[in-house]
Amino acid sequence: MPPARGARLADAAAKLIPRDRDDATVSVGRREVHLTNLRKTFWPQLGLTKGDLVRYYVTVSPLLLPHLRDRAMVMRRYPDGAEGPSFFMKRAPRPRPAWIETCAITHASGNVIDFPMVQDLPSLLWVVNLGCIDLNQWYARCDDVDRPDYLHFDLDPGPGATFDAVCESALRLDEALSALAFPTFLKTTGSRGIHVYVPIVRGPTQHQVWAFAKRFAEEIAGRHPRLMTVEYRVAKRPKGHVVIDFNQNAWGRTLASIYSVRPTPRAAVSTPVTRRELGSGVALEDFRIDTVPARLARRGDLWAALLPPHEPRADLRPFLRAGN
């Protein structure tokens, strides 16, 4: 996204989402979206409102939407902003616009849940207007919800571990994946850690992807026993270690999407970063709702190659064990 286009998008967002009204009906193409409580404070210490959140998402939508399209969206709603209580909501609420597409997913209980999908700017506005600060999409596309097209590792600092240790762990993990000729993509979580993603050839089931991630995480933690751990139980985690959370690859789990705002005190954003940036030192607070649009205007989408039909993609099938 060239800087000039970024400036135009920010200007368009400012014109589209009014600052002087609580409620507004905005037109996007042939569709209308009713927005509510736009002047409601969502980050009291920063003075940011729900309208500011909506304007951010409008600005970054050209780069964000391709990463969300055709995937079920698990909604986490914050009706009173980042400091208030939140709740998860899977089923697309009614009444809703007829143009909101849904993805029907059958759960183990036998229940079929119609998740909303964010296919375009109007549907993005509709979801964010529900109070969704962060966006959490399914790992597989809706045409085959049990066969993901990427795996990932969620690196979080355990008790006593620093963010520098998280960055070092991400680089060690990246090196190990690159040694297998796996393409990798890095981003801040916007919360406390780093996400490492690997685009994969679609085919293995979600359980098979989880099983591979588990074995790989255990191997890497074994190579760096003073730095990393895979201990999932909080009380059992060794102090000063970074947790490689592979369990987020399990069926039905989600992580905050790329360019997703997080309900943190500084309104941090989950943002792609380069290996050089991790090696030279970054801070989660560097990437915020007020700074990320300009970064995207300068650098574009560092994760564009994660989107189909780009290659290469890692083929996990030679690494899968019988029965997994």
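The values are calculated or read from the model by the stated rules, or taken from the named source; none is laboratory data. Values in this document were obtained by computation on a predicted structure and should not be read as measured data. Cβ sites come from the backbone with ideal geometry, for glycine too, and all protein chains shown count toward neighbours. We work out accessible area using only protein heavy atoms, side chains counted, and drop any ligands, DNA or RNA first. Shrake-Rupley method; radii C 1.70, N 1.55, O 1.52, S 1.80 Å.
Quick check on my filter: what residues within the range 28-57 are in contact with a strand residue (DSSP E or B) (Cβ under 9 Å, 6 or more places away or on another chain) and either at pLDDT below 95 or of a type in the set (Ser, Thr, Tyr) (or both)?
Thr36, Thr41, Thr49, Tyr56, Tyr57 - these are the residues of the range 28-57 that are in contact with a strand residue (DSSP E or B) (Cβ under 9 Å, 6 or more places away or on another chain) and either at pLDDT below 95 or of a type in the set (Ser, Thr, Tyr) (or both).
Taking the range 120-136 as the search range and keeping residues that are open to solvent by 10 Å² or more (accessible area, probe 1.4 Å) and in contact with a helix residue (DSSP H, G or I) (Cβ under 8 Å, 6 or more places away or on another chain), which one is farthest from Phe182 (Cα to Cα)?
Asn129
So which residues in the range 173-197 are touching a residue at least 12 places away in the same chain (Cβ under 8 Å) and among the acidic types (Asp, Glu), if there are any at all?
Scanning the range 173-197 gives a single hit, Asp174.
Given the conditions (1) open to solvent by 10 Å² or more (accessible area, probe 1.4 Å); (2) over 30 Å from Asp11 (Cα atoms), report the number of the one that Ile244 does not fulfil.
(1)
Out of all the residues in the range 281-297, is one or more farther than 30 Å from Glu83 by Cα and part of a loop (DSSP other than H, G, I, E, B)?
No: zero hits.
Out of the residues in the range 82-101 meeting the condition of being under 25 Å from Val28 (Cα atoms) and in contact (Cβ under 8 Å) with a residue 24 or more places away in the chain, tell me which one is most open to solvent (accessible area, probe 1.4 Å).
Taking the range 82-101 first, the residues under 25 Å from Val28 (Cα atoms) are 91-101.
Narrowing further to those that are in contact (Cβ under 8 Å) with a residue 24 or more places away in the chain: 91-93, 96-97, 99-100.
Details: Arg91: 115, Ala92: 7, Pro93: 24, Arg96: 56, Pro97: 35, Trp99: 56, Ile100: 13 Å².
The residue in question is Arg91.
Looking at (1) over 24 Å from Ser270 (Cβ atoms); (2) touching a Pro at 6+ places or on another chain (Cβ under 9 Å); (3) open to solvent by 40 Å² or more (accessible area, probe 1.4 Å), can you tell me which one Pro159 breaks?
Failing condition for Pro159: (1).
Taking the range 10-31 as the search range and keeping residues that are free of Cβ contacts under 8 Å to residues at least 40 places away in the same chain and part of a strand (DSSP E or B), which one is nearest to Leu121 (Cα to Cα)? Break it down into steps so the answer makes sense when it comes.
To start, the set of residues in the range 10-31 that are free of Cβ contacts under 8 Å to residues at least 40 places away in the same chain comprises 11, 15, 18-25, 27, 30.
Filter again for part of a strand (DSSP E or B), leaving 24-25, 27.
Details: Ala24: 16, Thr25: 14, Ser27: 11 Å.
So, considering only residues that are free of Cβ contacts under 8 Å to residues at least 40 places away in the same chain and part of a strand (DSSP E or B), the one nearest to Leu121 (Cα to Cα) is Ser27.
What is the one condition in (1) part of a loop (DSSP other than H, G, I, E, B); (2) among the charged types (D, E, K, R); (3) over 28 Å from Asp290 (Cβ atoms) that Lys214 does not satisfy?
(1)
Check Phe216 against each of (1) over 21 Å from the mean Cα position of the chain (by Cα); (2) crowded, with 21+ Cβ neighbours inside 10 Å; (3) on the phi > 0 side of the Ramachandran plot and name the one condition it does not meet.
(3)
Output the number of residues of the range 162-194 satisfying the condition of being outside any helix (DSSP H, G or I), of a type outside the set (A, V, I, L, M, F, W, C) and open to solvent by 10 Å² or more (accessible area, probe 1.4 Å).
Residues that pass the stated criteria total 5.
Can you find a residue that is hydroxyl-bearing (Ser, Thr, Tyr), open to solvent by less than 60 Å² (accessible area, probe 1.4 Å) and more than 15 Å from the chain's Cα centre (by Cα) anywhere in the range 60-72?
no
Test each condition in (1) over 21 Å from the mean Cα position of the chain (by Cα); (2) open to solvent by 10 Å² or more (accessible area, probe 1.4 Å); (3) among the aliphatic types (A, V, I, L, M) for Met228 and report the one that comes out false.
Only one criterion in (1) over 21 Å from the mean Cα position of the chain (by Cα); (2) open to solvent by 10 Å² or more (accessible area, probe 1.4 Å); (3) among the aliphatic types (A, V, I, L, M) is unmet by Met228, namely (2).
With the structure loaded, tell me whether Ile200 is in contact with a strand residue (DSSP E or B) (Cβ under 6 Å, 6 or more places away or on another chain) and in contact (Cβ under 8 Å) with a residue 24 or more places away in the chain or whether it fails that test.
For Ile200, the condition - in contact with a strand residue (DSSP E or B) (Cβ under 6 Å, 6 or more places away or on another chain) and in contact (Cβ under 8 Å) with a residue 24 or more places away in the chain - is met.
Do the conditions hold for Arg288, that is, is it among the basic types (Lys, Arg) and open to solvent by less than 30 Å² (accessible area, probe 1.4 Å)?
Here the answer is no, as Arg288 does not meet what is asked.
Tell me which strands (runs of 3 or more DSSP E) are completely within the range 36-144 and hold 1 or more residues being closer than 20 Å to Ile289 by Cα and not aromatic (Phe, Trp, Tyr), or say none if there are none. Break it down stepwise before answering.
On the way: elements: 41-43, 73-77, 87-89, 102-106, 112-116.
The qualifying strands (runs of 3 or more DSSP E) are 41-43, 73-77.
Being of a type outside the set (Lys, Arg), open to solvent by less than 40 Å² (accessible area, probe 1.4 Å) and outside any loop (DSSP other than H, G, I, E, B), is that true of even one residue in the range 231-239?
No - not one qualifying residue is present in the range 231-239.
Could you tell me how many of the residues in the range 196-210 are of a type in the set (A, V, I, L, M, F, W, C), open to solvent by 30 Å² or more (accessible area, probe 1.4 Å) and part of a helix (DSSP H, G or I)?
1
Going by the conditions given, is Val54 open to solvent by less than 20 Å² (accessible area, probe 1.4 Å), among the β-branched types (Val, Ile, Thr) and in contact (Cβ under 8 Å) with a residue 40 or more places away in the chain?
Values: open to solvent by less than 20 Å² (accessible area, probe 1.4 Å): yes; among the β-branched types (Val, Ile, Thr): yes; in contact (Cβ under 8 Å) with a residue 40 or more places away in the chain: yes.
So Val54 passes the test.
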